[in-house]
Amino acid sequence: MNIVAVDIGNTNVSVGLFLDGKEESIQSLPGAGEADLRDCLVSAWQKIPVLESSTQGKRDGVIVVGSVKPVWTELVRRMAGESLGEEIRVVGEDIPLPMSAWVDEPEKVGADRIVSAAAAYAVVEDAVVVADFGTAVTIDLVDAKGVFQGGVICPGFEISAQALKDNTAKLPKVVVHRPTTPYGKNTADAINCGLYYSIIGALEEIVRRYAEEIGHWPQTVITGSAAAMIKDDCPFVDNYVPHLVVKGIVLAYVKHLESQSEMD
Ligand SMILES: Nc1ncnc2c1ncn2[C@@H]1O[C@H](COP(=O)(O)OP(=O)(O)O)[C@@H](O)[C@H]1O
Ligand SMILES: CC(C)(COP(=O)(O)O)[C@@H](O)C(=O)NCCC(=O)O
Ligand SMILES: [K+]
């Protein structure tokens, strides 16, 4: 089974190539760069073997998209049609979500949250917290039975840094990095420490509250572009897994195939 899995976030698009179900490559691209995205999709797709039975060079694979940004879903749909002659399959539309969600309106939960929760639960097989440090920060709880119970949504580093600049006269725009001291001796460092440590503090406090609710400290997995930067300052986190959403998109497709073959 060969898959090009496309994770469309609010800032970046990640394209994963899986041959025979095995990860071959995952590349992240700033979503706004249309030409790069097209090149990336085409080059991943061209690594998928052509079907022996096909006289038209049809490739033996699928393009599966998980998206929280509908305009970019349509962009990728158009690119796949124009450049590859392929239709995309969208998680939550053409492919069922891989996990049930006990929330008010399951269809409104970001597909990225559900697929990464499912990917983490598939490994942990117990209650698990999945925190995704992207444009927004989501910290979600899956129970021991593998049901998505909900979570929290906070601003990501970039949004918070921009908000401080936009709503003040004197604060500069900071690109957050790992601080060397707990407090800053100038404005930029003060903002940097504030944003950096408040996200880590939020994660610890929120997991602590989840732990109180379920009666034990759950395994905690972090992902998203900013997770690599904070992971060494989060001793309470069990795993850092890059590209968990991409892995969850693949899982959604695999589960869908399995449920179809059970029905045959
Ligand atoms: N070094 C960094 N400094 C500040 N923010 C960062 C850094 N690395 C990543 N980020 C954050 O990661 C976000 C993009 O992460 P990503 O997981 O690709 O997002 P999305 O899935 O929402 O597109 C940016 O909005 C920014 O908040
Ligand atoms: C919370 C999110 C904005 C996170 O997106 P991201 O940071 O990955 O770009 C996204 O999952 C979303 O739009 N969710 C819909 C609302 C919800 O999950 O309840
Ligand atoms: K996120």
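How long are the semi-axes of the ellipsoid equivalent to segment 106-247, from square roots of 5 times the Cα gyration tensor eigenvalues, in whole Å, largest first?
Details: eigenvalues 166, 48, 33 Å².
Values for segment 106-247, descending: 29, 16, 13 Å.
List, in the order given, every pair from 165/231; 22/247; 22/145; 231/255; 58/255 whose Cα-Cα distance in the structure shown is over 20 Å.
Where the Cα-Cα span goes over 20 Å, the pairs concerned are 165/231; 22/145; 231/255; 58/255.
For the chain, with every protein chain kept in place, what is the accessible area per residue (1.4 Å probe, Å²)?
The answer is 51 Å² per residue.
Helix-derived [θ] at 222 nm for the chain: sum -39500 (n - 2.57) over DSSP H runs of at least 4, divide by residue count, nearest 500?
-12000 deg cm²/dmol
Once you have the alpha carbon radius of gyration of the chain, what is it after dividing by 2.2 N^0.38 Å, with N set to its residue count?
That ratio works out to 1.08.
Counting other Cβ atoms within 10 Å, keep those with at most 12, restrict to DSSP loop, and tell me which trypsin sites (Lys or Arg not before Pro) in segment 71-172 are left.
Qualifying residues, ordered by number: 145, 170.
Would you mind computing the Rg to Rh ratio of segment 204-256 from its alpha-carbon coordinates, Kirkwood style for Rh? Provide the component values of the computation, followed by the final result.
Numbers: Rg = 13.4 Å, Rh = 12.6 Å.
Taking Rh as the inverse mean 1/r over Cα pairs, Rg/Rh reads 1.06.
How long are the semi-axes of the equivalent ellipsoid of segment 84-162, taking √(5λ) for every eigenvalue λ of the Cα gyration tensor, in whole Å from largest down?
After scaling each eigenvalue by five and taking roots: 21, 20, 12 Å.
For the chain, what is the relative contact order in percent, using Cα pairs closer than 8 Å and at least 6 residues apart in sequence?
Rounded, it is 18 percent for the chain.
In the chain, what percent of the accessible surface is made up of carbon and sulfur (1.4 Å probe, ligands and nucleic acids excluded)?
Details: 6930 of 13570 Å².
Here it works out to 51 percent.
Taking a quarter of the surface of the convex hull around the Cα atoms of segment 3-90, what do you get in nm²?
Hull-based average projected area comes out at 5.2 nm².
The values are calculated or read from the model by the stated rules, or taken from the named source; none is laboratory data. The model shown is predicted, which means the values in this text are computed figures rather than measured ones. Neighbour counts run over all protein chains shown; Cβ positions are idealised from the backbone, glycine included. Just so you know, the surface numbers come from the protein's heavy atoms only, side chains and all, with ligands and any DNA or RNA stripped out. Shrake-Rupley method; radii C 1.70, N 1.55, O 1.52, S 1.80 Å.
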